[in-house]
Amino acid sequence: MSDPALKLENQLCFPLYAAARKVTALYTPLLKPLGLTYTQYLVMMVLWEQDGLRIGEIGERLCLDTGTLTPLLKKMEQEDLLSRTRSAEDERAVIIRLSKKGKALEEKAAHIPAAVGSCIPLAPEKALQLYALLHEILNQ
């Protein structure tokens, strides 16, 4: 290979991708008892923080488009984790609200961040540095 720029080891995207997959995999055994996928867990965290958001607001927070979110939210509604209702002010907007079951999951999920954090071998200051660097990329 003549162009070193095409080597996998020289790509920033690959370790980001592989690390994201590795971290996401840490969540799977913790989320399974709650009946949640990782993406559903992200939606729940957004709604636990602020219930009653429009789909677009959730998508903005999670960097997901409505085409990805809509089927996910429909499935979560079928599982009685949330409800989807048209906004009274704007019929085009769909408001997402947690159900009683969805709200109850927050307490059951409270241990997950610490459990995952304990599996990632980074000193707290390095974790904060990585967090800042990743957000620098995301905020571009």
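What is the sum of charges around Glu60, taking Lys and Arg as +1, Asp and Glu as -1, for the other residues whose C-beta is under 15 Å from the C-beta of Glu60?
Taking every other residue near Glu60 into account, the sum is -1.
Rg then Dmax, both in Å and based on the Cα atoms of segment 16-140: 15.8, 48. Going 7 Å from the Cα of Glu49 along its beta-carbon direction, which residues of segment 78-104 have the amide nitrogen within less than 12 Å of the resulting point? Taking a point 7 Å out along Cα→Cβ of Glu49, no residue of segment 78-104 has its backbone N under 12 Å. Counting Lys and Arg as +1 and Asp and Glu as -1 over every other residue whose Cβ lies under 15 Å from the Cβ of Lys103, the net charge comes to -3.
For segment 1-106, lysine pairs with C-alpha atoms less than 18 angstrom apart, excluding pairs fewer than eight positions apart on the same chain, total 10. Once you sort the root eigenvalues of the Cα gyration tensor of segment 60-101 as a ≥ b ≥ c, which label holds: rounded (a/c under 1.5), prolate (a/b larger than b/c) or oblate (the other case)? Here segment 60-101 falls in the oblate category.
Net charge of the neighbourhood of Thr28, taken over other residues with C-beta under 14 Å away and scored Lys/Arg +1, Asp/Glu -1, is +3.
Measuring r between the beta carbons of Lys22 and Ala115 and using R0 = 22 Å, the FRET efficiency lands at 0.90.
Which FRET efficiency value, to the nearest 0.05, do you get for Leu62 and Lys126 by plugging their Cβ-Cβ distance into 1/(1 + (r/R0)^6) with R0 = 30 Å?
With R0 = 30 Å, the Cβ-Cβ based efficiency is 0.75.
Taking only protein heavy atoms and a 1.4 Å probe, the accessible area of segment 1-122 is 55% carbon and sulfur. Backbone amide hydrogens, once placed in the peptide plane, bring Ile95 within less than 5 Å of Thr85, Arg86, Ser87, excluding anything fewer than 5 places away on its chain.
Computed from backbone phi, the HN-Hα couplings of segment 18-26 come to 5, 5, 4, 5, 5, 5, 4, 5, 5 Hz, rounded to whole numbers (Karplus: 6.51 cos²θ - 1.76 cosθ + 1.60, θ = phi - 60°; Gly and Pro given as x).
Averaged over its residues, the chain has an accessible area of 71 Å² per residue, based on protein heavy atoms and a 1.4 Å probe.
The values are calculated or read from the model by the stated rules, or taken from the named source; none is laboratory data. Here the structure is a predicted model, which is why all the values come from computation and not from measurement. All Cβ positions, even for glycine, are placed from backbone atoms using ideal geometry, and neighbour counts span all protein chains on display. These area figures cover heavy atoms from the full protein model, side chains too; ligands, DNA and RNA do not enter into them. Shrake-Rupley method; radii C 1.70, N 1.55, O 1.52, S 1.80 Å.
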